[in-house]
1. From the square roots a ≥ b ≥ c of the eigenvalues of the alpha-carbon gyration tensor of the chain, which class results: rounded (a/c under 1.5), prolate (a/b over b/c), or oblate?
2. Between ILE368 and GLU59, 0.36 nm times their residue separation minus their Cα-Cα distance comes to what?
3. Between PRO38, PRO86, PRO267, find the one with the highest GNM mean-square fluctuation for the chain; connect C-alpha pairs within less than 10 Å.
4. Can you find, among THR362, SER151, TYR347, the residue sitting farthest towards the positive end of the charge dipole of the chain, where Lys and Arg contribute +1 and Asp and Glu -1 at Cβ?
5. Where nothing but the Cβ of Lys and Arg (+1) and of Asp and Glu (-1) is charged, how large is the charge dipole of the range 224-288 around its Cα centre, in debye to the nearest 20?
6. Would you calculate the volume per residue, in Å³, of the smallest convex hull containing every Cα atom of the range 105-200?
7. Going through the range 248-349, which GluC sites (Glu not before Pro) have at most 15 other Cβ atoms within 10 Å and a DSSP loop state?
8. Summing -39500 (n - 2.57) over the DSSP H runs of n ≥ 4 in the chain and dividing by its residue number, what mean residue ellipticity at 222 nm do you reach, to the nearest 500 deg cm²/dmol?
Amino acid sequence: MEFDFSAEQKQLKEQARRYLADHCDRTAVRAVLDGPQPYDKALWKGLGELGYLGASIPEAYGGLGAGYLEACVIAEELGRAVAPVPFSSSIALAAEFLMIAGSETQKQQHLRGLATGESIGCFAYAEGTGRVTSASIGTIATRSGETARLSGTKTAVADGDVADFAVVAARDSADATGLSLYLVDLKGAGVSRAPVATVDPTRSHARIEFTDAPAELLGAAGQGAALIERVFDRAAVLIAFEQLGGADRALEMARDYALERYAFGRPIGSLQAIKHMLADMYVSATLARSNCYYGAWALSTESAELPDAAATSRVSATQAFQHCARNNIQVHGGMGFTWEFDCHLYYRRSNLLALSLGALSTWEDRLIDCLRARRAA
């Protein structure tokens, strides 16, 4: 299979890079890291005005209707800039749940706001530490038709403190084995939120408690687990591109520093140990790019190989970002550990994204299952 982005998509990528260079430099990122704001509101608004947030959302619902390839290149540039915005929560997850399972009314009500950045969505799933499974969900929904009341607590919800609504995984009180999804207004009754500290303060998280909170069924009752699997495959590709952008930038930072920093009268990049470290980083990032392109192809073509491609891109991009971010610090030496240098911004983000949608081991297991299924077929 041969795949590459079109000239127009590469041009979009360059435009996004220039925009982020002007509006999301290190000063802007550190303002969120050190300040009281949970995300960069001005940047989020600008991304919405340019149509970047609605790249994959159909025009009928206020988006550009461009497609997933455009969304992939935008995600890559946001990752490269370690942009402090709720892109993955709002676009890769909430918007995807609505586009796949939402009714026409739900799509009209929520997608337009997501596309313009006027509203933010999130996905409330985990309720504790460890791997999330259908059996670990304890939030209960007492349903009457399409409406329900939710009670339970979700922990470490990405962007849950700034989101306007959430897609929530819950069990039906009448059927303890059935997992369903619900839309909940996070500014409505029966909802309380508290910030949760994480390794990366530029991507906020929250603990959300639902106490008889009004909710609306999203998709068919009892089909929540299947919907989550479908959306996670799609979101995994977009987040993998975000990780790819971060890995590439960490590699560039290490390379540039190795060429500029002199020791014993010559650039440290001429030292064999540094050369090998940079070469390993390059191989890791290049392998991730190849696998991410596979994921982009599968996502944009609605291929039956999407589960395989999503797991492959997710595993590869996670490994590459963590490897490059960690070794970027090592190339910088002692200064790489300081607050003043930007290395820790990428190290923080690499570790945070490594846990998005489940830990690396979860996706490694999923990849193994996909390969076994393909072999059996």
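The numbers here are math on the coordinates, done by the rules we state, and not lab data. Quick caveat, the model's predicted, so the values are computed rather than measured. All Cβ positions, even for glycine, are placed from backbone atoms using ideal geometry, and neighbour counts span all protein chains on display.
1. Here the chain falls in the prolate category.
2. 107.5 nm
3. PRO267
4. Going by the charge dipole, the pick is TYR347.
5. Taking the Cα centre of the range 224-288 as origin, the dipole is about 200 debye.
6. About 113 Å³ per residue, rounded to a whole number.
7. For GluC sites (Glu not before Pro) across the range 248-349 that sit outside H, G, I, E and B with at most 15 neighbouring Cβ atoms in 10 Å, the list reads GLU302, GLU340.
8. Estimated from H runs of four or more residues: -16500 deg cm²/dmol.
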